[in-house]
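Participant: Okay, handing you the structure first.
The values are calculated or read from the model by the stated rules, or taken from the named source; none is laboratory data. This one's a predicted model, so the numbers in the text were calculated from it and none came from an experiment. Surface areas here come from the heavy atoms of the whole protein model, side chains and all, with no ligands, DNA or RNA. Shrake-Rupley method; radii C 1.70, N 1.55, O 1.52, S 1.80 Å.
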Amino acid sequence: MDHKRLLEERLREAVCEGDTDAVQDLVNIGVDVNARQAVSGWTPLHWACKKGYLDVAALLLKNGADKNVRTEAGETAVSLCNNQQILYLLSTSSDVTRVTNDLSLHTVTSAYTQPDNFLYAAMNPSKVKNNTYDESGVIMLSHDELVLKIRIASTADPDFVEIELPRSELTYQALLGICCKELNLTPHQILKLRKLPNTRLRKDKDIQRLQNFQEIEVITTSFTDTINIYASLQGANGISNNLPTLTPANGYQSISKKDQTILY
């Protein structure tokens, strides 16, 4: 057996054992993820699907595994798979119609209604090194971290940033600190944290009730607020100013009094 075929056989063995580290090492040195076994025609993806290893299947797909390759008996990866989460993962890559037809070989009525946390875990093994599984074999996120999605409210960029908050530090101050770090803010710029769509986060217990992938908006002080506060302080000290009149981002007019700003 030549060196190339030996490495391909090692890849198939690593897949069958569910050894993601060995699979990644072999992929890194260029072993073909679509190499077919000489007699059966099975690829590593066929074995991952047959064995039900979600994280291995995700790793292979991420590195170019072709789900449409057929064995000598005409089997696809989908037709060999009984794991609903792998079937869902296969269905999210390119040719959904063909996968839907192949699904007729199995009863997988809930394959398209599973939550996304197992997909996140499978595609991000470095963030969830100590994977755990529930009773049905679904890969779950690490119990050590809470994954949240944060963004600054009312900005031109609507995208969220994913953060990991250690479950040993589920406090309001810890979340505030990581929001400042990830969004390049200071604590004085943050007015409040809002759990979407409409719940204000105020204390540690609010943070401890959050679930993975909860979307959180960071409400910050605007430039208008800063100008109005500055003008109010100047007026209180009897100092005139020629600051321009600004319209708040929310579209409401405002007037500044001695110690407050009124919206109307």
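Participant: Can you work out the base-10 log of I(q)/I(0) for region 145-229 at q = 0.11 1/Å, using the Debye formula on its C-alpha atoms alone?
Facilitator: Reported log10 I(q)/I(0), two decimals: -0.28.
Participant: I've got another one for you. What does DSSP give for region 145-229 in terms of the percent of beta bridges that are antiparallel, rounded to the nearest 5?
Facilitator: Just about 75 percent of them are antiparallel.
Participant: Accessible area, 1.4 Å probe, largest first: how do 152, 29 sort?
Facilitator: Result of the area sort, largest leading: 29, 152.
Participant: To continue, here is another question. Need one word for region 3-91: rounded, prolate or oblate. Basis is the Cα gyration tensor (sqrt eigenvalues a ≥ b ≥ c); a/c below 1.5 gives rounded, then a/b vs b/c decides.
Facilitator: Because a/c hits 1.5 or more and a/b fails to exceed b/c, region 3-91 counts as oblate.
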